[in-house]
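Written out below as structure tokens is the structure these notes cover.
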Amino acid sequence: MQITLDPLPTIVFAVVILCWMTFAAVFIFRKKPAATAAVERKRERASILGIVIQGLSYSLVWGVRRPYFSPIVRMSRPLEIALAVLTITLAVGSVWFVMAAVRTLGRQWSFAARVVEGHKLVTEGPYRIVRNPIYTGMLGMLIATGLAMSHWAGLLLGVIVFLAGTLIRVHSEEKLLREEFGQEFEDYSSRVPAIIPGIY
């Protein structure tokens, strides 16, 4: 029995997987600062709960799958092409946004919420667009992955769970930044959205 693959969802799937490999490489191969370069002063442990919840959202999107190399819902070919272009653009753009954010943060980047010695409030690069561009990129990759391979219900649930975990992380991290930078951070947060430009 010969299996014929529809090239469009196959290409989208391949691009999303390549973007995930690049996404992982950003963190695995980033230039790490010397141990003495970033002395931690404060850490917000509640952010760990947000990390766990975000991880659960990715499990939902990867685990609640539809048949491989098929569209997320039945639609006309023009709509399928438009959705494929959107998915690829979202995946590539999200990885680029995360790379720019990690590069801009430099030694201040951390897995969990913390403030290091000499911490500066970063407001340039992608931080001019949103206060948490890494989470924006993570959300974009979650949605692109869902559009490429998840059942629509898995994608919807994954986005809801991701946003819940992200709200916890944003609250934890911005609590530290408010304590550290006071009015400077308040002014920044009043003019720049947290995660989604023009929405939140």
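The values are calculated or read from the model by the stated rules, or taken from the named source; none is laboratory data. Just so you know, these numbers come straight off a predicted model, no measurement behind them. In this analysis, Cβ positions are derived from the backbone assuming ideal geometry, glycine residues included, and neighbour counts consider all displayed protein chains. Each accessible area value is taken on the protein alone, full model and side chains, heavy atoms only, with ligands, DNA and RNA left out. Shrake-Rupley method; radii C 1.70, N 1.55, O 1.52, S 1.80 Å.
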Which loop-located chymotrypsin sites (Phe, Trp or Tyr not before Pro) does the range 91-178 contain, where loop means any DSSP state but H, G, I, E or B and the Cβ has at most 16 other Cβ atoms within 10 Å?
Phe111
Can you list residues from other chains, or at least 5 along the same chain, whose modelled amide H is less than 5 Å from the amide H of Arg65?
His151
Under the rule a/c < 1.5 gives rounded, and otherwise a/b versus b/c splits prolate from oblate, where does the chain land using the Cα gyration tensor?
prolate
With a probe of 1.4 Å, find how much accessible area the chain has per residue, and write the answer as a whole number in Å².
54 Å²
Going residue by residue through the range 133-144, the Karplus relation 6.51 cos²θ - 1.76 cosθ + 1.60 with θ = phi - 60° gives ³J(HN,Hα) values, rounded to whole Hz and with x marking Gly or Pro, of x, 5, 5, 4, x, 5, 5, x, 5, 4, 5, 4
Which angle between 0 and 90 degrees, to the nearest 10, do you get for helix 152-181 versus the longest principal axis of the chain when only C-alpha atoms count?
10 degrees
Taking square-rooted eigenvalues a ≥ b ≥ c of the alpha carbon gyration tensor, is the range 117-200 rounded, prolate or oblate, where a/c under 1.5 means rounded and, failing that, a/b exceeding b/c means prolate?
prolate
Taking the Cβ of His151 as the center, what net charge do the other residues with Cβ under 15 Å away carry, scoring Lys and Arg +1 and Asp and Glu -1?
+3
Ignoring the sites themselves, what is the longest stretch of the chain with no GluC sites (Glu not before Pro) in a DSSP loop and at most 14 other beta-carbon atoms within 10 Å?
1-116
Computed from the beta carbon distance with a Förster radius of 30 Å, FRET efficiency for Ala82 and Gln108 to the nearest 0.05 stands at 0.20
Against the longest alpha carbon principal axis of the chain, how many degrees, from 0 to 90 and to the nearest 10, is the axis of helix 7-28 turned?
20 degrees
Calculated [θ] (222 nm, deg cm²/dmol) that DSSP helices of n ≥ 4 give over the chain, each run adding -39,500 (n - 2.57):
-21500 deg cm²/dmol
Round to a whole number: what % of the accessible area of the chain belongs to carbon and sulfur, probe 1.4 Å?
68 percent
